[in-house]
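Here you go, one structure.
Every number here is computed from the coordinates shown, using simple stated rules; none is lab data. These numbers were taken from a predicted model, which means no experiment stands behind them. FYI the Cβ positions are ideal-geometry reconstructions off the backbone, even for glycines, and counts take in every protein chain you see.
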Amino acid sequence: MTTIGQNLKHVRERIATACLEAHRNVEEVTLLAVSKTFGPEAVRAAYAAGQRAFGENYVQEGVDKVAALADLPDTEWHCIGPLQSNKTRPVAEHFDWVHTIDRLKIAERLSAQRPAGLTPLNVCIQVNVDDGANKSGVAPQEALALARAVAGLPRLRLRGLMTIPEPAPDFEAACALHARARAIFDQLNAAGLGLDTLSAGMSADLEAAITAGSTMVRVGSAIFGQRERVAA
């Protein structure tokens, strides 16, 4: 087994343990392997170990990787980085998911640019749950209005919410942060939006996120190792 395969096994064991302790079914939680800055060969190693869903932060890198790995069936590509208006077309044409919708203009462009021959683009609203000054995301009190507007657009399928809270000092504090996202998620569902995805939790805090109700954890370094910084 490759190092990436061993790392994946360990991460899956962490997810299973967290689900057991939270009295949740492990099948409720999807593992998204964040492959940004790692080449196609790393993705191939993860694929060989059974991983199918991959997250990319940088649009051009992601598009290039999608093309390089087009021979791998059933691969699912998620755009999880901040998205600018001038980069929506390649995302609409090549990705399966976008997690970072924080304003209607971006959603409208994705909707207009999604090719008719593809299935609707799965999207999540990014919410800034802890008011981080340097983070993207709609304010919690504005999430419902944005979600309703996005849900009405053609060629998109609103799936849920995504959050990236600041690192917490301990497990309880991390759970509390992720619980804020779950509360917004529940509020939107109470309004009839029918969401099924709460994208929350990364390598350092996936257990807390799962405890709070995350259905998708985005794990990079615990699978692929520490990454070098690259330009967008």
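Name the lysines eligible as straight-distance cross-link partners of residue 105: C-alpha to C-alpha under 21 Å, and not fewer than 8 places from it in the same chain.
Hits, sequence-local ones excluded: 87, 135.
When the helix-only estimate is applied to the chain (DSSP H runs of n ≥ 4, each -39,500 (n - 2.57), divided by the residue count), what is the mean residue ellipticity at 222 nm, nearest 500 deg cm²/dmol? Write out the running numbers ahead of the final one.
On the way: 9 runs with 95 residues, N = 232.
Helix-only estimate at 222 nm: -12000 deg cm²/dmol.
With a 10 Å radius around each residue's Cβ, average the other Cβ atoms per peptide and rank 198-208, 59-69, 93-103, highest first.
On the way: 198-208: 23.2, 59-69: 17.7, 93-103: 21.5.
In descending order of packing, they fall as 198-208, 93-103, 59-69.
Report the label-to-label distance for residue 89 and residue 72 in nanometres (one decimal), using points 7 Å from each Cα along the Cα→Cβ vector.
Between residue 89 and residue 72, the label points sit 2.8 nm apart.
Can you tell me the dipole magnitude for the chain around its Cα centre, using point charges on the Cβ only (Lys, Arg +1; Asp, Glu -1), in Debye to the nearest 20? Display every interim value, and only then the final one.
Details: 24 positive and 26 negative charges, 126 e Å.
Here the chain has a charge dipole of around 600 debye.
Something else: Around residue 146, with a cut-off of 15 angstrom between Cβ atoms, what is the net charge of the other residues, counting Lys and Arg +1 and Asp and Glu -1? Don't skip to the answer; put the middle values down first.
Working: positive: 103, 105, 109, 148, 159; negative: 102, 108, 142.
With Lys, Arg at +1 and Asp, Glu at -1, the neighbours total +2.
If packing is taken as the mean number of other Cβ atoms within 10 Å per residue, what is the order of 16-29, 106-119, 71-84, highest first? Mind showing how you got there, number by number?
On the way: 16-29: 14.0, 106-119: 15.6, 71-84: 17.2.
Highest mean packing first, the order is 71-84, 106-119, 16-29.
On to the next question. Binning at 5 Å from 0, report for the range 37-181 what percent of all alpha-carbon pair distances ends up in each bin.
Distribution as computed: 2, 10, 19, 19, 18, 15, 11, 6, 1, 0 percent.
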